Amino acid sequence: MGLLVPSGTHPQRKHPRYVHLEPEPWTHAQPKKHPFHLLKNPISLPDKFAWDDLAQQIVGALVLAAPLAVTEEVWHLSAQLDFYRIGAIVFLTLLFNILLMYYAKYQVIEQERLLGIVPTRLFSQMVVSYTAAGVMLTLLGVIGYEVVGWEPTLKLIVFVGLFSNIGAGAADLLK
């Protein structure tokens, strides 16, 4: 048993023309795919650090740090941190970047280094994350209005920069 469906209009008449369609047989059904079948495909990593990678890092840094930059609890929490904890947060940020580069296999693909020591991607991610955090906090009026002084400002930028860095690293993996 088929269906009559309109297939357009007849050239001389204004009413639709109908075509008889037969259903496809049951034997041609597509096999069901697991919802995570796309995750089996390997991630294609860029072969060289370029401007589009930098743009992705900036967007990722801003997206993840924006909700934290406007939260008063974050300002007060960062003000209570001592410099040992700030150093630990900078270390965690650096460790996150190194682990991301290692497990994303950037170390095999990319040999670009600044001064022959620091990988370009590692350096750019650290600079982008802290710069994005500082610029966003300044533009939103947190630095200079709610947070005044170099010490609380530095603590706040480092604290928000940790989350900004996670966003920059995650966005950097996207192709």
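PHE83 passes every criterion in (1) crowded, with 17+ Cβ neighbours inside 10 Å; (2) at pLDDT 85 or above; (3) of a type in the set (A, V, I, L, M, F, W, C) apart from (1). Selection of the stretch 37-52 for residues being surrounded by fewer than 17 Cβ atoms within 10 Å (Cβ to Cβ) and either outside any loop (DSSP other than H, G, I, E, B) or modelled with pLDDT of 60 or more (or both) yields HIS37, LEU38, LEU39, LYS40, LYS48, ALA50, TRP51, ASP52. Kindly establish whether GLN107 is loosely packed, with under 12 Cβ neighbours inside 10 Å, at pLDDT below 90, among the polar types (S, T, N, Q) and over 17 Å from VAL59 (Cα atoms). No.
The values are calculated or read from the model by the stated rules, or taken from the named source; none is laboratory data. Just so it is clear, the model here is predicted, and its values are computed rather than measured. Virtual Cβ from ideal backbone geometry, glycine too; neighbours counted across all protein chains shown.
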